[in-house]
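Beneath this line is the structure, given in structure tokens, with notes to follow.
The values are calculated or read from the model by the stated rules, or taken from the named source; none is laboratory data. Since this is a predicted model, take the numbers as computed values, not measurements. For neighbour counting, all protein chains shown are included, and Cβ atoms are generated from backbone atoms with ideal geometry for every residue, glycine included.
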Amino acid sequence: MTKRKTPMLDELEKGSWPSFVSDMKQEAEAREKTDVDLQTPRECVDDLLGLLELTYVDKVVHWKHGGIVGVFGYGGGVIGRYCDQPEEFPGVRDFHTMRVNQPSSKFYSSEYLRQVCELWERRGSGLTNMHGSTGDIILLGTTTPQLEEVFWELTHNLDQDLGGSGSNLRTPSCCIGKARCEFACYDTQAICTEFTMEYQDELHRPAFPYKFKFKFDGCPNGCVAAIARADMSIIGAWRDDIRIDQEAVNAYVGGEIKPNGGAHSGRDWGAFDIQKEVVDLCPTECMSWDGKKLGIYNKECNRCMHCINVMPRALRIGEDTGASILFGAKAPILEGAQMSTLTIPFMKIEEPYEELKDIVEKVWDYWSEEGKNRERLGELIQREGFQKFLEVCELDADPRMIQEPRSNPYIFWKEEDVPGGWERDINEFRKKHQK
Amino acid sequence: MGPEEDRQLIVDTLKKKKGKTKFYLKDFNKIFPDRKPREVKKLVNKMVTEGILEYWSSGSTTLIGLKGAGKQHDTEEKDE
Ligand code: HEM
Ligand code: HEM
Ligand code: SF4
Ligand code: SF4
């Protein structure tokens, strides 16, 4: 049993969901008994429970915000947290979080996971978060003197680096991609790893007005939600036609193959209705079904993935694959939440990714020059306009970048865009226009 | 200006700011208006490694100040 009474937290153990309170109690108990040579306070998890209970009672946070903590040479990867009730809860006087750069697509050996857990039990709180919203492994809670120790062991024994935090490039993250998924339009792991290595300086040291995230989705299904969570979203796409196997389409219609890979088996939804469940749900209305043959007018298809998700054995992504590049997603901080905006409709994604890196650097230079403190790229684009952003990227406007025809009737021309410019010869003018 | 003068200019500028010990990266750009932010960033990060400056981080934002100046933990500006 844990030392502290936590009646309010105990409520969170009721019900059918797994409870983080139960997890914390389990770890607190394990720490009481363990004969591991603990380098952090044995009672830290107990104290964490107590402090959280107090937080619920007081309805105020008892953590101070941030601090000067980190490992030598790095300006990211450590998130400093100090408790404001250190006398009562000495175990969490300093309780810093470390972000550990996950491997692309989060493939681990069980040996590696054991090593991380062993290290964090000994030199941390034993509490982890696999994985944080950033994608990293989150090691929750250690003391200031342990930071360098953990870092040394991570880098020397586990061949493992810290991830990004603060005004740095954040740890790039990608979907499982070609490792397991037939929808992957490019190798998300390869480019995620390459970008992580290429931009090590930006990842480990503050470089920008605020955070910057790359996320790589292999297709528009968006398993890492790049469109909502990344300043630069790289989302797989193809530019030729969806491949159709008409025989397999008919097998779906005839009930021989279960739609959606059999996912909706929780209740009886009746026979598969291709018209209702696929054709009528196509957002661009570019599909047809005549009872025998499925048709797709690919020019209109916006690669929403719906039809392919429903009938993966019959429909496959095209063969001329690459990605669409979008910029500017963010959570609400200075301004409201925002999704990324389509900026490059299609680009081949092939090593060494020079074309993409070129754009990255142009965008970073622009944002570093023009961005205000704590202004995300998406907010800067909003403030200065998408037209300006296209100029910075040296891209031409394209109808695919807009969702609907303009609702703003004013066009602001630049002199260089107007044949002949603004200047006129007054004598020529006077020949035609009297004073 | 040579690298030593650059360092001195940064230190002097920060010392002059009364009541404020932590600065955004952009504040350093203002010290060198003619340089690329990327160059300034490199110098500032180098000065941290050299122990002249230090980082302060909330977790989401990073500020930079003279080593040892101001609060070591918690924010100085509560409105942040
Ligand atoms: C009322 C209290 C709190 C609020 C509203 C809050 C809010 C947030 C939010 C919005 C995020 C970003 C989530 C994400 O996108 O990953 C975050 C991340 C984080 N917070 Fe808090 N937080 C609170 C308390 C704490 C405390 C008590 C700690 C540590 C002792 C903490 C440590 C962290 C860490 C380490 C991250 C990064 C996690 C990750 O990378 O996934 N926060 N917090
Ligand atoms: C290419 C030619 C023209 C352009 C681009 C243009 C543009 C505009 C614009 C943007 C407005 C403001 C609309 C508003 O407030 O909602 C306006 C108002 C007006 N324009 Fe033009 N205009 C043009 C030619 C003309 C001509 C040839 C005349 C008269 C001979 C004219 C007379 C007016 C008047 C009287 C208004 C005020 C209307 C009101 O307030 O209700 N415009 N124009
Ligand atoms: S985003 Fe697409 S390619 Fe990547 S794992 Fe998800 S479905 Fe597969
Ligand atoms: S991917 Fe989406 S838009 Fe394209 S044909 Fe299928 S349902 Fe229609």
Can you name the residue in the stretch A:335-387 that is within 14 Å of chain B (Cβ to nearest Cβ) and of a type in the set (S, T, Y) and, of all such residues, is nearest to A:I402 (Cα to Cα)? A:Y366
From the list B:G65, B:G59, pick out the single residue that is within 11 Å of chain A (Cβ to nearest Cβ), crowded, with 18+ Cβ neighbours inside 10 Å and either out of contact with any His (no Cβ under 9 Å at 6 or more places or on another chain) or at pLDDT 90 or above (or both). B:G65
All conditions in (1) within 9 Å of chain A (Cβ to nearest Cβ); (2) free of Cβ contacts under 8 Å to residues at least 12 places away in the same chain; (3) surrounded by fewer than 19 Cβ atoms within 10 Å (Cβ to Cβ); (4) not in a helix (DSSP H, G or I) are true of B:K71 except (2)
Out of everything in the stretch A:25-53 that is touching a Phe, Trp or Tyr at 6+ places or on another chain (Cβ under 9 Å) and within 12 Å of ligand 1 (Cβ to nearest atom), what residue ends up being nearest to the other protein chains (Cβ to nearest Cβ)? A:L51
Quickly run through the stretch B:21-34 and pick out the residues that are surrounded by 15 or more Cβ atoms within 10 Å (Cβ to Cβ) and either of a type in the set (S, T, Y) or within 14 Å of chain A (Cβ to nearest Cβ) (or both). B:T21, B:K22, B:F23, B:Y24, B:L25, B:K26, B:D27, B:F28, B:N29, B:F32
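I'm trying to understand the selection: among the residues of the stretch A:170-217, which are assigned to a helix (DSSP H, G or I) and in contact with a Pro (Cβ under 6 Å, 6 or more places away or on another chain)?
At the first step, the residues of the stretch A:170-217 found to be assigned to a helix (DSSP H, G or I) are A:177-179, A:188-198, A:200-204.
The answer is A:C192, A:F195, A:T196.
Filter the stretch A:66-93 down to the residues that are over 27 Å from A:R4 (Cβ atoms) and not small (G, A, S), then identify the one that is farthest from the other protein chains (Cβ to nearest Cβ). Before the answer, list the steps.
Here is the first cut: in the stretch A:66-93, the ones over 27 Å from A:R4 (Cβ atoms) are A:68, A:70-78.
Okay, now just the ones that are also not small (G, A, S), so A:68, A:71-72, A:74, A:78.
Working: A:I68: 5, A:V71: 11, A:F72: 8, A:Y74: 9, A:V78: 8 Å.
Residue satisfying both the conditions and the ranking: A:V71.
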If we scan the stretch A:137-154, do we find a residue that is under 30 Å from A:M232 (Cβ atoms), surrounded by fewer than 21 Cβ atoms within 10 Å (Cβ to Cβ) and more than 14 Å from chain B (Cβ to nearest Cβ)? no
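Residues A:T142, A:T196: which one is away from ligand 3 (no atom under 16 Å from the Cβ), among the hydroxyl-bearing types (S, T, Y) and more than 25 Å from the chain's Cα centre (by Cα)? Lay out the reasoning, then the answer.
Numbers: A:T196 fails: more than 25 Å from the chain's Cα centre (by Cα).
Among A:T142, A:T196, only A:T142 is away from ligand 3 (no atom under 16 Å from the Cβ), among the hydroxyl-bearing types (S, T, Y) and more than 25 Å from the chain's Cα centre (by Cα).
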On the basis of being assigned by TED's automatic domain parsing to the domain that holds A:W364, not in a loop (DSSP other than H, G, I, E, B) and not hydrophobic (A, V, I, L, M, F, W, C), does A:Q115 make the cut? no
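For the stretch A:57-73, indicate whether the set of residues that are part of a helix (DSSP H, G or I) and crowded, with 21+ Cβ neighbours inside 10 Å is non-empty.
Taking the stretch A:57-73 first, the residues part of a helix (DSSP H, G or I) are A:57-58.
Those left that are additionally crowded, with 21+ Cβ neighbours inside 10 Å: none.
Within the stretch A:57-73, not a single residue is part of a helix (DSSP H, G or I) and crowded, with 21+ Cβ neighbours inside 10 Å.
The rows are residues; the columns are (1) within 16 Å of ligand 3 (Cβ to nearest atom); (2) more than 16 Å from the chain's Cα centre (by Cα); (3) over 24 Å from A:E354 (Cα atoms).
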position: A:Q160; (1), (2), (3): no, yes, yes
position: A:S165; (1), (2), (3): no, no, yes
position: A:N168; (1), (2), (3): no, no, no
position: A:C175; (1), (2), (3): yes, no, no
position: A:E202; (1), (2), (3): no, yes, no
position: A:P206; (1), (2), (3): no, yes, no
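Restricting to strands (runs of 3 or more DSSP E) lying wholly in the stretch A:231-335: which have 3 or more residues that are modelled with pLDDT of 95 or more, more than 16 Å from ligand 1 (Cβ to nearest atom) and buried (at least 17 other Cβ atoms within 10 Å of the Cβ)? Full working, then the answer.
Details: elements: A:232-238, A:287-289, A:294-296, A:321-327.
Hits in the stretch A:231-335: A:232-238, A:321-327.
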